[in-house]
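K.L.:
Before anything else, here's the structure in question.
The values are calculated or read from the model by the stated rules, or taken from the named source; none is laboratory data. Keep in mind that this is a model prediction, so the values were computed, not measured. A quick note on method: Cβ atoms are made from the backbone with ideal geometry, for glycine too, and the neighbour counts reach across all protein chains shown.
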Amino acid sequence: MLTIAYIGDGKSTNRYHIPFSSQVEGIHIKKIQARSGHNESWDTVPGAEYVKDKSEIWEDSDIDLVVISTPPQSHYPLAKEALENGKNVLVEKPFAETSEEAKELFALAEEKNLFIQCYQNRRFDSDFLTVQKVIESGRLGDILEVEMHFDYFRPEIPESAESFEKLNSFMYTHACHTVDQVLSYFGSPKDVTYDVRQLLGDNRMNDYFDLDFFYANNLKVSVKSSYFRLKARPSFVVYGTKGTFVKETKDRQEEHLKLFYMPENADFGLDQPEHYGTLTYMDEDGEYHEEKVVSEKGSYSYFYEALRMSLVNGRDKLVKDEETIRQIEILEEGINQMKNY
């Protein structure tokens, strides 16, 4: 049994964590801490104790893992406090503001023989898993270019910001998903180029980024995101020497969660045929094919299954320390190179 306590009782905990951790056999949620007590916007978790003081978590010897699911500014200090109190830790994205803070947390965990990891649940997005399946089928030939888009049309968000805050920038709050996907599947790039902007001008939030990652064998992976896309670009486009795969729509787990349609439903997060991606390729006989690809099932519970296997059975971490450090280095550099034209 893996016994968990959550610090934070807001949207992140109740939408992106508990619906998935509670699906995994062998996980028990014992405590949930929030300074103001239980957030009545969310149902109570059966069997969980709601506490106001973190000390009730630090002093509970039954708790194997503390999950930090609070605003980004608190991730580093709370993770450090948890480690200093002898607790294993899972930290929401972004893991820390700087790569130096991340290195400090990993070093402290090693010193105390404790576990700390970043919650990179979007490794288990349906669209990302489907792209991997198509690449590994070999039908595209050698992969030359991958385009990943994470678009919105929410101009009210950047328009409401009257100052720049690094941890609330688009890079830190959204590239933390897509950059991790790139690093987890393609590895660390040989080079990165950055186009990071404040479309509304200086002293406003960062609301646009376009990152290019360069690898051996002429592979380029691009991550592009904007708050000003009335019609979103395809979630993924993959180009190879023999074909192309286009996945127009994103993973549907977040869509369902926002409707309070939860993972216990058999069709939770599943794509329908109209969401399937299109694979176009030439076979070995020079014959042209175009076909729909049934989407893989995504589930953030897979992350918690891997987490339990690491802590209970000693398996390697799903998210390696060096991947988290490299990701934050990329976020930092992107913000450092931010320009307005």
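K.L.:
Can you confirm whether region 256-266 contains a residue that is surrounded by 18 or more Cβ atoms within 10 Å (Cβ to Cβ) and among the small types (Gly, Ala, Ser)?
P.N.:
No.
K.L.:
Considering each residue of region 82-109, count those that are over 24 Å from Cys176 (Cα atoms) and in contact with a strand residue (DSSP E or B) (Cβ under 9 Å, 6 or more places away or on another chain), and give that number.
P.N.:
2
K.L.:
Would you point out which residue out of Ser310, Ser301 is surrounded by 12 or more Cβ atoms within 10 Å (Cβ to Cβ), among the hydroxyl-bearing types (Ser, Thr, Tyr) and either within 15 Å of Arg15 (Cα to Cα) or in contact with a Cys (Cβ under 8 Å, 6 or more places away or on another chain) (or both)?
P.N.:
Ser301
K.L.:
Ok, one more. Checking the conditions here, which among Ser74, Ser99, Ser61 is in contact (Cβ under 8 Å) with a residue 12 or more places away in the chain, polar (S, T, N, Q) and not assigned by TED's automatic domain parsing to the domain that holds Thr178?
P.N.:
Ser99
K.L.:
Let me ask something else. Can you find even one residue in region 187-207 that is surrounded by 22 or more Cβ atoms within 10 Å (Cβ to Cβ) and either farther than 26 Å from Ile157 by Cβ or of a type in the set (S, T, N, Q) (or both)?
P.N.:
Checked against the condition, which is being surrounded by 22 or more Cβ atoms within 10 Å (Cβ to Cβ) and either farther than 26 Å from Ile157 by Cβ or of a type in the set (S, T, N, Q) (or both), region 187-207 yields at least one hit.
K.L.:
Go through region 60-105 and count every residue that is closer than 19 Å to Asn121 by Cβ and within 17 Å of the chain's Cα centre (by Cα).
P.N.:
16
K.L.:
Now for a different question. Among the residues of region 306-341 satisfying the criterion of being of a type in the set (S, T, N, Q) and under 22 Å from Val223 (Cβ atoms), which is farthest from the chain's Cα centre (by Cα)?
P.N.:
Our first condition is that a residue be of a type in the set (S, T, N, Q); within region 306-341, this holds for 310, 313, 324, 327, 336-337, 340.
Retained after the next criterion (residues that are under 22 Å from Val223 (Cβ atoms)): 324, 327, 336-337, 340.
Working: Thr324: 11, Gln327: 11, Asn336: 22, Gln337: 23, Asn340: 27 Å.
For region 306-341, the residue satisfying everything is Asn340.
K.L.:
Now a separate question. I want to confirm something. Restricting to region 22-63 and keeping residues that are assigned to a helix (DSSP H, G or I) and not aliphatic (A, V, I, L, M), which single residue is nearest to Leu83 (Cα to Cα)?
P.N.:
Only one residue tops the list, namely Trp58.
K.L.:
Please verify whether region 269-292 includes one or more residues that are in contact with a Leu (Cβ under 8 Å, 6 or more places away or on another chain), under 16 Å from His149 (Cα atoms), in the same structural domain as Phe153 (by TED's automatic domain parsing) and in a strand (DSSP E or B).
P.N.:
no
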